[in-house]
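Participant: Below you will find the structure I want to go over with you.
Computed from the coordinates by the stated procedures, all read-outs in this text should not be read as laboratory data. On a predicted model such as this, the values are computed, not experimentally measured, just so you know. Please note: Cβ atoms are built from the backbone with ideal geometry, for glycine as well, and neighbour counts cover all protein chains shown.
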Amino acid sequence: MALMKYLEARKLFPEKAYPNDRVAELQDLVKALEITEKQKAELEQKYKLAIAKANGFFDQKSYKEARPIYEEALQYKPGDVFSNGRINEIDQLLALLEKQNQFKNLIANADNNYKSKKYDEAITLYNQAKQLVPEDQYPQNQIDLINKVIEESKINNFIVFNINKSIFY
């Protein structure tokens, strides 16, 4: 709108510098706005590509690969709710996976100790697993089983001791 008025003024007063200066200034501003719009479009395109790539990794459950790409998307669109939400979700999923892996390792080691009749070590590991995932009943069931085995062993040892005592004395 202003550019049109200055163009009219320039036609009416071609010898005056002011309308010419304002026309040049406004044309520079229009060019700058066009560049800014072009940059915005480029950033939007880069953002969309990054989100598409990150979503692909996320859908494949490749969370460690997806996270940095969501962070990259935040560079193109700072404060983006979707990217931030996915990053938080990935952090929670990775923490859960780590917890599940720790639990599985503790259980595997405890089971090996149980099979090797290293009952004290097995109970310690089952208790650690129980603290990690309290809602899982397997560690407590195994502890109960071990305590039962230990108790039966004590009873058997007592019986054998008494039999030997009565035979040899």
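Participant: What pairs from 38/77; 99/148; 64/104; 40/61; 53/99; 38/64 go past 25 Å between their alpha carbons?
Facilitator: 99/148; 40/61; 53/99; 38/64
Participant: Would you please put 40-46, 119-125 in order of how densely packed they are, using the mean number of other Cβ atoms within 10 angstrom per residue and starting with the highest?
Facilitator: 119-125, 40-46
Participant: Same structure, new question: How much net charge surrounds residue 66 when only the other residues with a Cβ under 11 Å from the Cβ of residue 66 are counted, with Lys and Arg +1 and Asp and Glu -1?
Facilitator: Cβ neighbours under 11 Å give a net charge of 0.
Participant: Also, I was wondering about something else. What aspartates and glutamates does residue 16 reach when the alpha-carbon gap must be under 17 Å and sequence neighbours fewer than 8 apart in one chain are set aside?
Facilitator: Within the straight-line limit of under 17 Å, residue 16 reaches these aspartates and glutamates: 8, 25.
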